[in-house]
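Let me begin by presenting the structure, written as structure tokens, before commenting on it.
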Amino acid sequence: MAGSSTVCVTGAGGFIASWLVKLLLSRGYTVHGTVRDLSEKKVAHLKGLENATESLKIFKADLLDYDAMAAAIAGCQGVFHVATPVPSEELTDPELQMLAPAVTGTTNVLRAATAANVQRVVVVSSIVAVEINPKDCPEGKIRDEGCWSDEEFCRNNNIWYPVAKIISEEAALEYGRQTGLDVVSVNPGLVFGPMLQPTVNASNQFLVYLLKGGPDKVRNKLWHIVDVRDLAEALLLVFEVPQASGRHICAPHVICVRDLLDLLKRNYPDYPCITNTCDRDHPAPMTSEKLKKLGWSCRPLEETIADTIKFCQLARLLEDVVGEAPCRFPPIFNQI
Ligand SMILES: NC(=O)c1ccc[n+]([C@@H]2O[C@H](COP(=O)([O-])OP(=O)(O)OC[C@H]3O[C@@H](n4cnc5c(N)ncnc54)[C@H](OP(=O)(O)O)[C@@H]3O)[C@@H](O)[C@H]2O)c1
């Protein structure tokens, strides 16, 4: 499935999808990228990628619009379903803002993939569909692809992003079993890395907040981290390797917030860094061995952090601007 194929990437302008589009174009794929907004501020970074002029076609499509999604997926041999809202602020209407695009949106993508006779669909899920109070996984057991987060627990605690990721991943894999469509999923940890898109996404805002500080407390949770460039390679790998199947955890580095802060203070003493952390139970670590056995490897965490911070410095994202509102920590990361 390499080289000369045409593939669709949903939510192509987002943080992870932009790196995936860049990688696909560099490997000779023709890419159909979907965006909700065709304005230059949303697509200029995609149009500027190497090979984009010849090999990237951008489609306007909301996940809830089946016909628009089907038009983008028609003629494709593969689909990378990356789009899901990743909120930087509190949700006011979880059903509308989160569950509908995640669940109905995924169904639309899968139905369109069937209609287009697509060979494989890669769904981007998350480790939030793996690690939150997983049922049938004894405490302390290393989390692997057999672990599913407890949807009811997440619903009862109003943490809607994991609910959306659990249901949409489950539904996608079930759709594959029922219809014979080849569906595989990837469960990334927290994703850091340099940005191609012009605005800061929620997971990089996490790192910006740790350095700049602000009024919000941050829980001292154990985080599993992956570099966006390594994640793009993982997504392409599970698309291309025939024996890939089911779920693939992509969360190779483990560090708690306090250790991450120590690393930042040591290497970047000029930034204030947050001081107000509060304790939280650490979930058990998880393994990315399944992906590594398919041939995936990743760069060290220190390199990811250094490259992300260097990018943010050059883009002047770490400077305090007079009159600007204080830096905030995306609430989602204190909930999951
Ligand atoms: N970043 C992480 O740490 C992380 C970790 C694990 C999993 N993930 C998953 O990775 C994927 C991409 O996340 P990201 O970090 O790259 O976030 P992002 O930069 O915010 O990208 C999200 C993308 O989804 C699109 N989208 C949202 N709602 C949509 C809708 N109704 N119809 C069509 N497109 C819609 C957005 O389009 P607009 O630009 O138009 O809003 C954007 O392109 C998501 O599935 C997320 O759950 C992310």
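Every read-out reported here was derived from the displayed coordinates using simple, explicitly stated rules and does not represent laboratory data. Quick caveat: nothing in here was measured; it's all calculated off a predicted structure. In this analysis, Cβ positions are derived from the backbone assuming ideal geometry, glycine residues included, and neighbour counts consider all displayed protein chains.
Laid out as a table, the results:
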{"read-out": "Computed magnitude of the charge dipole of the chain (debye, nearest 20; Cβ of K, R +1, Cβ of D, E -1)", "value": "520 debye"}
{"read-out": "Mean ellipticity per residue at 222 nm, deg cm²/dmol - from DSSP H runs of n ≥ 4 across the chain, formula -39500 (n - 2.57)", "value": "-11000 deg cm²/dmol"}
{"read-out": "Relative contact order %, the chain, counting alpha carbon pairs below 8 Å whose residues are six or more apart", "value": "19 percent"}
{"read-out": "Reduced Cα scattering model of the range 249-336, Debye log10 I(q)/I(0), q = 0.16 Å⁻¹", "value": "-0.91"}
{"read-out": "Using alpha-carbon coordinates, inclination of helix 301-314 to the longest axis of the chain, degrees", "value": "80 degrees"}
{"read-out": "Of all DSSP beta bridges in the chain, antiparallel share, percent nearest 5", "value": "10 percent"}
{"read-out": "Over the range 172-298, relative contact order from alpha-carbon pairs under 8 Å, at least 6 apart, %", "value": "34 percent"}
{"read-out": "Cβ-defined net charge surrounding residue 100, 11 Å radius [Lys, Arg +1; Asp, Glu -1]", "value": "-3"}
{"read-out": "Theoretical gain in end-to-end length, residue 144 to residue 219 [0.36 nm per residue, Cα-Cα removed]", "value": "24.6 nm"}
{"read-out": "Isotropically averaged projected area of the range 134-292, using the convex hull of Cα atoms (one quarter of hull area), nm²", "value": "11.4 nm²"}
{"read-out": "Crossing angle, helix 105-115 versus the chain [Cα axis fit, 0-90 degrees, rounded to tens]", "value": "30 degrees"}
{"read-out": "Gaussian network model of the chain, Cα within-10 Å springs - most flexible of 226, 322, 21", "value": "322"}
{"read-out": "Alpha carbon Rg of the chain, scaled by the compact-globule rule 2.2 N^0.38 Å", "value": "0.95"}
{"read-out": "Order of 256, 8 - criterion: other Cβ atoms within 10 Å of each residue's Cβ, fewest first", "value": "256, 8"}
{"read-out": "Relative contact order [Cα under 8 Å, 6+ residues apart], the range 3-77, whole percent", "value": "35 percent"}
{"read-out": "Length added when fully stretched, residue 100-residue 284, from 0.36 nm per residue minus Cα-Cα", "value": "63.2 nm"}
{"read-out": "Long pairs among 265/310; 41/165; 165/217, criterion Cα-Cα beyond 23 Å", "value": "41/165; 165/217"}
